[in-house]
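Heads up, the thing below is written out as structure tokens.
The values are calculated or read from the model by the stated rules, or taken from the named source; none is laboratory data. Given the structure is predicted, the values throughout are model-derived calculations rather than measurements. Glycine gets a Cβ as well: all are built from the backbone with ideal geometry, and neighbour counts include every protein chain shown.
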Amino acid sequence: MPFTSTTDPSVAARALAGGHLAVLPTETVYGLGALASSPPAVARVFATKGRPADHPLIAHVLDAAAAEAWAQDVSDYTRALMEEFWPGPLTLVFQRSTRAADYITGGQNSVAVRVPGSPVTRAVLRELSSLLGDRATAIAAPSANRFGRVSPTTAQHAIEELGDALTDEDVVLDAGPCSVGLESTIVDCTGDLPRILRPGKVTGEDIERVTGMRLGGTSTVRAPGTLDAHYSPHALVTIVDEVVLSSASPDPATGVIAMSGSPTPPGVVRLCAPTSVEEYAACLYRALREADSLQLTKVLAVAPDGEGLATAIRDRLQRAAAG
Ligand code: TXA
Ligand code: MG
């Protein structure tokens, strides 16, 4: 194996402290982490993913106090969000402090920060902070997939994406499948009102409830990677309704993603049949990957109805379909 595979957070923390990369389990998706204060380590993240240099990275930190070291002019509504949803699947975009160098922010004056909820990744952050004697230490980590492809929700999926580009000093930290399965909600907190840049498990309703504010309209902050064709498998994804699904022609190269209440038409491959939107989010990326590993050419997906997490699932399906 060209990399070190482990379930021990200390092994990942030591690799990161030494300037190596670590594939890390978060509650959303697996990330490809580097010590944020190391320009060469962060440069390897971009090279490994094939990601353009102007696409900024999320700084993952231990807690809200650490996040504030990366930010300036943090507003009251932002603090309310930090308090309510951290640790958890929410990324906040702040005005950056001097810690957030151009090689993290892609030259933008803002920085995206998140306190992950996964206990294993929190253990890595705790140990890394103590190794470096800096409580505001950050791990810069995008999702551990090649640029534009589906985010990994298991360590094995991350290895399939990036394993070839890792060295024996890099680490893959395995903590089983991600519980959420979709990337964090990103909220731009640089303006008078919060604005959602990427929908996720923390919903617009949640944000309005906690801040007591209405969401702002279109953000002027650039969030590259939230553009159209992203999260794409090789198979052609089409979003269909129940009627179209039920009349699909038998074809062993067609896959179906739909809630368990939607019957599978004869002669096609059922990729997942979640019984709730939470389960839908958690199985979507695995199902898209399975379509590719089964060499299916088409995927028919019935999107879930409703607000909240269903909005995030529809967003990812639309991007997968645009790819
Ligand atoms: O759940 C997640 O957020 C996962 C896990 C690993 O934490 N990470 C993730 O990272 O999805 P990534 O790099 O694949 O997506 C981060 C998104 C990108 O679309 C990027 O453009 C946006 O965050 N972003 C990062 N910094 C930003 C900034 N300063 N302003 C606006 N958008 C930013
Ligand atoms: Mg990504």
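Some points to look at:
- Being more than 23 Å from the chain's Cα centre (by Cα) and at pLDDT below 95 is true of ARG214.
- Test: residue in the range 37-50 that is free of Cβ contacts under 8 Å to residues at least 60 places away in the same chain, more than 20 Å from ASP134 (Cβ to Cβ) and within 16 Å of the chain's Cα centre (by Cα): yes
- Residues of the range 94-112 classified as in contact with a Lys or Arg (Cβ under 9 Å, 6 or more places away or on another chain) and on the phi < 0 side of the Ramachandran plot, total: 6
- Residue selection: ALA175 fails the criterion of being among the hydrophobic types (A, V, I, L, M, F, W, C), outside any loop (DSSP other than H, G, I, E, B) and either away from ligand 2 (no atom under 16 Å from the Cβ) or within 16 Å of the chain's Cα centre (by Cα) (or both).
- Flag if ALA53 is in contact (Cβ under 8 Å) with a residue 40 or more places away in the chain, surrounded by 20 or more Cβ atoms within 10 Å (Cβ to Cβ), more than 11 Å from ALA141 (Cα to Cα) and within 14 Å of ligand 1 (Cβ to nearest atom): no
- Residues satisfying the stated conditions in the range 289-316, i.e. over 20 Å from the mean Cα position of the chain (by Cα) and basic (Lys, Arg): LYS298
- Residue ID - farthest from GLY176 (Cα to Cα), chosen from residues in the range 81-133 that are of a type in the set (Asp, Glu) and free of Cβ contacts under 8 Å to residues at least 40 places away in the same chain: ASP102
- Among the candidates ALA223, ALA229, the residue that is at pLDDT below 95, within 14 Å of ligand 2 (Cβ to nearest atom), farther than 16 Å from PRO142 by Cα and not in a strand (DSSP E or B) is uniquely ALA229.
- Answer from ILE159, ILE186, ILE207, ILE196 - the residue that is more than 16 Å from ligand 2 (Cβ to nearest atom), more than 23 Å from SER276 (Cβ to Cβ), at pLDDT 95 or above and not in a loop (DSSP other than H, G, I, E, B): ILE159
Conditions tested, residue by residue: (1) in contact with a Gly (Cβ under 9 Å, 6 or more places away or on another chain); (2) surrounded by 24 or more Cβ atoms within 10 Å (Cβ to Cβ).
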{"site": "PRO2", "(1), (2)": "yes, no"}
{"site": "ALA12", "(1), (2)": "yes, yes"}
{"site": "LEU16", "(1), (2)": "yes, yes"}
{"site": "THR26", "(1), (2)": "yes, yes"}
{"site": "ALA36", "(1), (2)": "no, yes"}
{"site": "LEU57", "(1), (2)": "yes, yes"}
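- Lone unmet requirement of (1) more than 16 Å from ligand 2 (Cβ to nearest atom); (2) among the charged types (D, E, K, R); (3) buried (at least 22 other Cβ atoms within 10 Å of the Cβ) for GLU127: (3)
- Looking only at the range 130-150, and only at residues there that are in contact with a Leu (Cβ under 8 Å, 6 or more places away or on another chain), assigned to a loop (DSSP other than H, G, I, E, B) and within 16 Å of ligand 2 (Cβ to nearest atom), the one that is nearest to TYR231 (Cα to Cα): VAL150
- Residue, farthest from the chain's Cα centre (by Cα), within the range 17-35, restricted to residues that are among the aliphatic types (A, V, I, L, M) and near ligand 2 (Cβ under 10 Å from one of its atoms): LEU32
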